[in-house]
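The values are calculated or read from the model by the stated rules, or taken from the named source; none is laboratory data. Note that the structure is a prediction, hence the values are computed from the model and not measured. Here the Cβ is made from the backbone with ideal geometry for all residues, glycine too, and neighbour counts use every protein chain on show. For the accessible areas, the whole protein counts, side chains as well, though only heavy atoms, and no ligand, DNA or RNA atoms are used. Shrake-Rupley method; radii C 1.70, N 1.55, O 1.52, S 1.80 Å.
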Amino acid sequence: MNFVGAHIVSIDQFQRVDVEEVFSVADRMLPYALRQRVTRVLEGAILGNMFFEASTRTRVSFGSAFNLMGGEVRETAGFDSSALIKGESLQDTARVLSGFSDVICMRHPVEGSVADFATASRVPVLSGGDGANEHPTQALLDLYTIRKEMAAKGRAIDGLKIAMIGDLRYGRTVHSLGKLLCLYSDIEVVLISPKELRFPAELVDSMRTSGIRITVSDHLIENITDVDIVYSTRIQEERFSSKQEADLYRGKFRLNHAIYTQFCQPNTVIMHPLPRDSRIDANELDADLDTHPNLAIFRQTDNGLLVRMALFAMVLNVVDQVDDYAFNVRWFNARQT
Ligand code: CP
């Protein structure tokens, strides 16, 4: 894949060699993400950060990644502050915004919308999620995290067994992660969800075709006893017709310290794309695991910065110039105390 000037809207675009190139560039971004060094390589560049659906980490980490490389961020959050609410088409919005920006990141609630927007954009478009379809940069940061966590245990991505848990029908992060795992060998995936929220059948078929061994179940305990990774997800309430309907599924697959300690292997890595639902009775991924060393959820969010910096560097063709425009930080760095 030629990253320079490319839109990143689906994991379907990636081969394994492309993923490993992203990971290799992400590794090189660590001193910048840790604020040991600052680079101005994107000074003068503008990111249009267009989020038409709620987001904390994707929106802010895209923006922070761009700022950390010296670029400026212009942001639209929600339909109310966009002319889309006046009936402007996605294509016209893309034609206009790509005159103002060097790269655009976009989240939109409609499946396929980011790819549609990209067709009319004159600058690269990176998806921050399109409805229940895909969240490609989240999958890249998830797999980057898996790679790091397993490397610390002397393991590779090939040969892993991963349990994906929760709302697998509407959870776009697992759709993209499932596609990404197809690029690796000897992978086993257990898909644990209520029957009504199962992983899309066509994705299961294509994962099986690529060689992944898949078990589909609506039982948690017996399916997490021998996995390397448990990847929990939130019930995607915003995709249901009502909160009452979403409530039918909330709290079904609770993972807490007692369940983890009793049923998982001692070194099973705990992941979640976040946000996790921390409201009473959500019972999704309990806070009593927060200090557990195998809980990787905040390492995932930190890794998101590295992966998104890498994608900006690759798409805007500055990978080999990042260090040339760098200097040491002058301010107090709390990360180093
Ligand atoms: N993981 C993720 O997409 O989080 P946000 O919705 O906060 O961006």
Efficiency of FRET between ASP158 and HIS292 - r from beta-carbon atoms, R0 25 angstrom, step 0.05:
0.45
Beta bridges by DSSP in the chain, antiparallel share as percent, to the nearest 5
10 percent
Going by amide H atoms built from the backbone, whose H comes under 5 Å of the H on CYS105, apart from near neighbours?
GLY48, ASN49, MET50, LEU126
Report, for the stretch 136-298, the % of DSSP beta bridges that are antiparallel, rounded to 5.
0 percent
Helix 57-68 sits at what angle to the longest principal axis of the chain, using alpha carbons and giving 0 to 90 degrees rounded to 10?
40 degrees
Tell me which residues come under 5 Å, amide H to amide H, from ALA156 once H is placed; ignore anything under 5 positions away on its chain.
none
Quick one: ranking ILE187, ILE46 by accessible area, 1.4 Å probe, largest first, what do you get?
ILE46, ILE187
Enumerate the calculated ³J(HN,Hα) couplings along the stretch 236-248 in order (Karplus 6.51 cos²θ - 1.76 cosθ + 1.60, θ = phi - 60°), each rounded to whole Hz, writing x wherever the residue is Gly or Pro.
7, 3, 5, 9, 8, 6, 7, 4, 4, 5, 4, 4, 4
The chain - mean residue ellipticity at 222 nm from DSSP helices (-39,500 (n - 2.57) per run, n ≥ 4, rounded to 500):
-10000 deg cm²/dmol
Using amide H atoms built 1.01 Å from N in the peptide plane, name the residues 5+ places from LEU295, or on other chains, whose amide H lies under 5 Å from its own.
ILE270
Starting at 0 and stepping by 20 Å, how many percent of the alpha carbon pairs of the chain end up in each bin?
31, 58, 10
Distance in nm between ILE259 and THR225 label points, each 7 Å along Cα→Cβ, equals 1.6 nm
What do you reckon, how do THR39, THR225 stack up by accessible area (1.4 Å probe), largest on top?
THR225, THR39
Overall Cα dimensions of the stretch 58-191, principal axis frame, Å, largest first
50, 35, 23
Longest principal axis of the chain (C-alpha) makes with the long axis of helix 90-100 (C-alpha) an angle, in degrees to the nearest 10, of 50 degrees
What part of the accessible area of the chain, given as a whole %, is carbon or sulfur when the probe is 1.4 angstrom?
49 percent
Would you mind computing, in nm to one decimal, how far apart the modelled labels at GLN36 and GLU111 are, each placed 7 Å from Cα along Cα→Cβ?
4.4 nm
Expected vector for the stretch 284-291, Karplus 3J(HN,Hα) from phi with 6.51, -1.76, 1.60 and θ = phi - 60°, integer Hz, x for Gly and Pro, equals 8, 9, 5, 5, 6, 9, 4, 9
With a 1.4 Å probe and all protein chains left in place, how much accessible area per residue does the chain have, in Å²?
42 Å²
